[in-house]
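Note sheet for the following structure.
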Amino acid sequence: MKKLFFAVFAGAALIVATGCVSTVSDTKTLATTWSNDSVAGRYQRTVDQVYQASLTVIQQNGVLLTEYIPHDTTNNVRSLMGRVNDLKVWVRVEGIDTKTTQVDVQARTKWGATDINVVHELEKEIALQLAR
């Protein structure tokens, strides 16, 4: 009986210790660490060009799961979600003005930990894709 009580208590403590964080695409995901998990970059390109480059990079490095326009936004904001190296990756492409576009890349492991190195690598690959 004591073992069962301890197991239930340990499980409840684990649930309380972990939490949810917002992603760059306005969704929620599991988080066990609250360190920096996203990188942003701004480019002198249109939203369509940056979005296509982001789409290509995700497809070259992993699997594209979903493409969508977040609620309460205009067509100047597009998001996608994919899996790269067993990480969930979110990319948000947003037009700042007519000539400048910002891309935000975020990734988390299936257990909610961060991997900033993969995020930074993907953001660089988007920039290189735009340079081609």
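A few points about this structure:
- The listed residue being out of contact with any helix residue (DSSP H, G or I) (no Cβ under 7 Å at 6 or more places or on another chain), modelled with pLDDT of 90 or more and surrounded by 15 or more Cβ atoms within 10 Å (Cβ to Cβ), out of G62, G41, G112, G82: G62
- Per the conditions (1) within 13 Å of R108 (Cα to Cα); (2) of a type in the set (G, A, S); (3) at pLDDT 90 or above, the sole criterion not satisfied by S54 is (1).
- So D72, is it modelled with pLDDT of 85 or more and part of a loop (DSSP other than H, G, I, E, B): no
- The residues of the range 90-109 that are farther than 12 Å from N36 by Cα, crowded, with 19+ Cβ neighbours inside 10 Å and touching a residue at least 60 places away in the same chain (Cβ under 8 Å), listed by number, are W90, V91, R92, V103, D104.
- Listing of strands (runs of 3 or more DSSP E) fully contained in the range 76-132 that carry 3 or more residues being among the charged types (D, E, K, R): 87-95
The values are calculated or read from the model by the stated rules, or taken from the named source; none is laboratory data. All values derive from a computational prediction rather than experimental measurement. Glycine also receives a Cβ, built like all others from the backbone with ideal geometry; neighbour counts cover every protein chain displayed.
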